[in-house]
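Report on one structure; see the data block that follows.
The values are calculated or read from the model by the stated rules, or taken from the named source; none is laboratory data. These figures come from a predicted structure and were not determined experimentally. Cβ: placed from backbone, ideal geometry, glycine included. Neighbour counts: every protein chain shown. For accessibility, only protein heavy atoms count, side chains too; no ligands or nucleic acids. Shrake-Rupley method; radii C 1.70, N 1.55, O 1.52, S 1.80 Å.
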Amino acid sequence: MTDAGPPAPGPDLRVDPLTQTPVLVVRARQGRPNLPATITPANCPFCPGGLEAPEPYTVRWFENRWPPLPNGRAEIVLFSPDHYQSLGSLPQAQMEAVVSLWAERTEALAARADVAYVLLFENRGPEVGATIPHPHGQIYGFDFVPPVPLAELEADRCATCQELAGKGPAGPSHPGRVVVAEGGWRAWCAWAPAFPFELTVAPEDHAADLPGAPQHAGLAQTLRAALGALDGLFGEEMPYMLWCHQRPADGKAWPSAHVHFHVAPIHRAKGVARYVASGEVGTGVMFNPVDPEDAAERLRKALRVG
Ligand SMILES: [Zn+2]
Ligand SMILES: [Zn+2]
Ligand SMILES: [Zn+2]
C-alpha cells in the first residue's frame, strides 16, 4: 500500500501430506513493525487522524497493510472511532453500522472471481493476538472454501434449522442453552463446544449469508447482549475469537448454509485461560470442563439489565 519496502513474495499454499491441512506460508508478515508497548489515542493508527484513518468516520474498512492473503483479499474493519469501545459495548446504532459494513464487504469480496469464501472475524484481546486495542476486526477472502466451513456445509440438511426446530442430537436441550434472543436472532451455548462459554449466534429463519439475512437490527441487538454477557461473566474484558460462517462465494447453491457467528471466549474463570493442549490438538477430540446448560444459565445472569 505504501512504504512497505520491497515487494513481498506471494503467499505459498501448501497442504500437509500427513493431515491434508492447508497451510499458507506468509513470509511478508515477519516484516511487520513492532508497535509501541502502549497504544493510546495519541499514537493509535486506527483513531481518527491516525495512519489508517486520516478522516473522521463512523465505521471504516481498508486493505490490510501486512496482508496474510494477496491481491487486496485481506481487510481491516474499524468498529468505532472511539478507542475505548469494544464490539459488545457499542450503542445499538453503531453496531448496526458494523453489521451493514460486514454485509457490504461480504458482497463486494464475494463478487470477485478470485474469492470463493469470505470470512469475517475478530480477535479480541492481546491473549488472542490483537496487537492494537482499538476495536477492529478483519476480513479474509479465500480463493478456496476452507476445511472448517466446508465440513459444516457438507451435511445434506441445515443443522442450524434442525437444532432451532428441536430436532437432531442438539434439538431437545436447545431451549435451556439459549442466552438471548432479540429481533429474529438468537445466541446460545453450543451443544458440543470446544470452549466452556462458546456461543453460536444465528437468525431464527434460514438465511444463507449476511447480505441475504433480514433483521440486521436483531443481529446487532443479540450480538451486543451476548458479548456484553461475556464481559459481565467474570467482570473482566473477556478475550475471545469471533468468526462468521456464511455461504461460500463460489457460485454453488450450498442449501445447508445458514449464516451464523461462533464466539469462542478463551477464559474458563477470571484471568484463567482454557488452553487447547496436546491431548486435544493431537487427537481432534475436545474436553470441555463446563456443562453448556450451566454455562448458558451463568451467561443469562450476566446479561446487562435494560
Ligand atoms: Zn484508537
Ligand atoms: Zn437453516
Ligand atoms: Zn460454523
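Remarks
- Derived scalar couplings ³J(HN,Hα) [the stretch 206-221; Karplus, 6.51 cos²θ - 1.76 cosθ + 1.60; whole Hz; x for Gly, Pro]: 4, 8, 6, 8, 5, x, x, 7, x, 6, 4, 5, x, 4, 4, 4
- Amide H within-cut-off set for Arg186, under 5 Å, with H built and near neighbours excluded: Ala202, Glu204
- For the peptides 243-251, 103-111, 143-151, the ranking by mean Cβ contacts within 10 Å, running from highest to lowest, is 243-251, 103-111, 143-151.
- In the full protein context, the stretch 147-279 carries 40 Å² of accessible surface per residue, based on a 1.4 Å probe and ignoring ligands, DNA and RNA.
- Cα principal axis extents for the stretch 209-289, largest first, Å: 41, 34, 16
- A Förster radius of 22 Å, combined with the Cβ-Cβ distance separating Trp66 from Asp143, puts the computed FRET efficiency at roughly 0.70.
- For Arg60, nonlocal amide neighbours, meaning residues 5 or more places apart or on other chains whose placed amide H falls under 5 Å from its own, are Leu78.
- Cysteines without a disulfide-compatible partner [the chain; Cβ-Cβ under 4.7 Å]: Cys189, Cys244
- Count Lys and Arg as plus one, Asp and Glu as minus one, and take only other residues whose Cβ is under 15 Å from that of Trp191; the net charge is then -3.
- Of every Cα-Cα pair in the stretch 1-159, the percent that sits beyond 26 Å: 34
- Relative counts (whole %) of C-alpha pair distances in the stretch 166-220, using bins that are 10 Å wide: 24, 50, 26, 0
- Near Arg247, once Lys and Arg are set to +1 and Asp and Glu to -1 for all other residues with Cβ below 14 Å from its Cβ, the sum equals -4.
- Rounded Å value of the spacing that divides the Cα centres of the stretch 46-95 and the stretch 128-149: 13
- Three principal axis lengths of the stretch 145-270 [C-alpha, angstrom, descending]: 44, 30, 27
- Most mobile listed residue (Asp156, Asp82, Asp209) in the chain, GNM with C-alpha springs under 10 Å: Asp156
- Amide N of the stretch 220-259 lying under 16 Å from the label point, which is placed 7 angstrom from the Cα of Lys301 along Cα→Cβ: 229-236
- Rounded to the nearest whole angstrom, the semi-axes of the ellipsoid equivalent to the chain, taken from the Cα gyration tensor as √(5λ), stand at 29, 24, 21, largest first.
- Accessible carbon and sulfur surface of the chain relative to its total accessible area, %, 1.4 Å: 55
- Taking amide hydrogens as placed 1.01 Å from N in the peptide plane, the amide H of Asp82 sits under 5 Å from that of no residue at least 5 positions away in sequence or on another chain.
- Nearby lysines by direct alpha-carbon distance to Lys301 (threshold 28 angstrom, same-chain neighbours under 8 apart not counted): Lys167, Lys270
- Label-point gap, in nm, between Ala194 and Glu104 - each point 7 angstrom along Cα→Cβ: 3.2
- In Hz, Karplus ³J(HN,Hα) per residue of the stretch 231-242 (6.51, -1.76, 1.60; θ = phi - 60°; x = Gly, Pro): 6, x, 3, 10, x, 8, 6, 5, x, 8, 10, 10
- Selected from Met286, Met238, Met95 as most flexible by GNM, with the chain as the system and alpha-carbon contacts under 10 Å: Met286
- Reported to the nearest whole Å, the Cα centre-to-centre distance from the stretch 265-304 to the stretch 156-203 is 16.
- 222 nm mean residue ellipticity, helices alone, for the chain (DSSP H n ≥ 4; -39,500 (n - 2.57); rounded to 500): -6500 deg cm²/dmol
- ³J(HN,Hα), Karplus 6.51/-1.76/1.60, whole Hz, each residue of the stretch 182-199, x for Gly, Pro: 9, x, x, 10, 9, 10, 9, 6, 4, 5, 10, x, 6, 10, x, 10, 5, 10
- Stokes-Einstein translational diffusion, the stretch 189-233 - Kirkwood Rh over all Cα pairs, 1.306 mPa s, 10 °C, in µm²/s: 134
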